[in-house]
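One structure below.
The values are calculated or read from the model by the stated rules, or taken from the named source; none is laboratory data. If you're wondering where the values come from, they're calculated on a predicted model, not measured in any experiment. Backbone-built Cβ (ideal geometry, glycine too); neighbour counts: all protein chains shown. Only protein heavy atoms, including side chains, enter the accessible area calculation; ligands, DNA and RNA are left aside. Shrake-Rupley method; radii C 1.70, N 1.55, O 1.52, S 1.80 Å.
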Amino acid sequence: MEGSKANIPASLQTPTSGSPRLQPPTYGNLITVLSIDGGGIRGLIPGTILSFLEEELQKLDGEEARLADYFDVITGTSTGGLVTAMLTAPNENNRPLFAAKDIKDFYLTQCPKIFPQKSCPLFPYLTKVIKALAGPKYDGKYLHKLVKEKLGDTKLHQTLTNVVIPTFDIEQLQPTIFSSYEVKKNPSSDAFLSDICIGTSAAPTYLPAHYFETKDSQGQVIRKFNLIDGGVAANNPTLVAIGEVSKEIIGGSQAFFPINPLDYARFLVISLGTGSAKAEMKYSAPAAAKWGLLNWLTSGGSTPIIDVFSDASSDMVDLHLSVVFQALNSQKHYLRIQEDTLTGNVSSVDVATKKNLENLVEVGDQLLKKPVSRVNLETGRFEISNHETNQEALIRFAKILSEEKQLRDARSPHVTHVKHTT
């Protein structure tokens, strides 16, 4: 990538002198992707990990460094979509609305109100069955109010770096991907971030589906959305984000010139899971063989059908990317951090008691100290892939991200370089 660069359109430029905004990949060596799975209150696990990563970047580049300054695209599903919006929505100073360290406090404070815990001392199982048949477990009113209050009138095109947030449209019966790349070509998807977050978080049986519209400058409706949780389509949205980038490259975007659309070796990916239940705590075929609809909706205090499609989606994406990066001899550019030994309440998506939320923070802290691992599809277990801990891997990635940003700033004609004299 040495030598002259293609001229970048004004819409892709970040000309402000000293701006932390990331210059396009055409000025660097990598395409950087941060991905966050869905998982309800378990978003505390990646939230804890993101806080550590941002702290490492601040050690290298100063206290004002934010994750949005280093990733070409941040993608998230469900609770991961909410975290994505928090990290990329601009505040009044055009900087990220939330620092990564703020995510933990946000979840600890707000989750008990989003998922209020009601005691049911008499016939608790029967109560769950009736609620599962009658409607969603939670009405979502507090979540809707909170998200709209925090994100305000911010729209998709206004995020501080590119975002990709999957949802599923139940009227169209197909995934709807809210993408910063797509919105440049299709203004009908330029929705409020609040609506996108509510839609991608609307997990069946837990929260109500979300309807909204986008309108043109004259107030005319240009598109209608009938959305549920993006985890139906992509609980681990890493491949969705890579696909959006690849479409940009195929389409000739100058932001990626002259990168080849099949050059996965150029990608640097951090993919964060929200944890899953320990193998022996999951389900068995002899038991499930006797299940009817009610059992699939509520069994053992959980919702098996939701667990099945979310875990399957997440692990298949991880397996695919592990193989691809290994085939390209680029294993060190792909980091998947996931905990698969959760038991009891910490494996739930909605038991938002003070104790359980604090336990999830502890899970995240302990996960940092564990070795980097990969899922074995034959056994369903995560196996140690090298002797590097997740914490050590994140420190290494922080250095790569910092160097990549500095390289792009040095090469870009849109960044003013000030020479200091003594």
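Taking Lys and Arg as +1 and Asp and Glu as -1, the other residues whose beta-carbon sits under 15 Å from that of LYS247 total -3. Taking other residues whose beta carbon is less than 11 angstrom from the beta carbon of PRO204, and scoring Lys, Arg as +1 and Asp, Glu as -1, yields 0. Accessible area per residue for segment 253-365 is 46 Å², calculated with a 1.4 Å probe on protein heavy atoms, without ligands, DNA or RNA.
Compute the longest continuous run of the chain that contains no exposed trypsin sites (Lys or Arg not before Pro); treat a site as exposed when its DSSP state is not H, G, I, E or B and it has at most 13 other Cβ atoms within 10 Å.
Excluding the exposed sites themselves, the longest stretch runs over 291-418.
If only the Cβ of Lys and Arg carry +1 and only the Cβ of Asp and Glu carry -1, the dipole of segment 219-292 around its Cα centre is close to 260 debye. Diagonalising the gyration tensor over the Cα atoms of the chain and scaling each eigenvalue by 5 before taking the square root yields semi-axes of 36, 25, 20 Å, largest first. Would you mind estimating how fast segment 263-350 diffuses translationally, via Stokes-Einstein at 37 °C and 0.692 mPa s with the Kirkwood radius over Cα pairs, in µm²/s? Diffusion coefficient, whole number: 221 µm²/s.
Where does segment 187-253 land on Rg(C-alpha)/(2.2 N^0.38 Å)?
Here the Cα radius of gyration is 1.31 times the empirical estimate.
Placing +1 on the Cβ of every Lys and Arg and -1 on the Cβ of every Asp and Glu, with no other charges, gives the chain a dipole of roughly 500 debye about its Cα centre. Each Lys or Arg adds one and each Asp or Glu subtracts one; over the other residues with Cβ under 15 Å from the Cβ of THR154, this totals -1.
With all pairs of different C-alpha atoms in the average, the Kirkwood value for the hydrodynamic radius of segment 302-406 is 15.5 Å.
Dividing the helix sum by the residues of the chain, where each DSSP H run of 4 or more adds -39500 (n - 2.57), gives a mean residue ellipticity at 222 nm of -12000 deg cm²/dmol.
Pair-distance distribution of segment 168-215: all C-alpha pairs, bin width 5 Å, starting at 0; shares per bin in whole percent are 5, 20, 30, 28, 12, 5, 2. In the structure shown, do any of LYS247/LYS282; LYS247/LYS405; LYS290/LYS355; LYS148/LYS184; LYS113/LYS224 have a Cα-Cα gap over 31 Å, and if so which? From the list (LYS247/LYS282; LYS247/LYS405; LYS290/LYS355; LYS148/LYS184; LYS113/LYS224), the Cα-Cα distance tops 31 Å for LYS247/LYS282; LYS290/LYS355.
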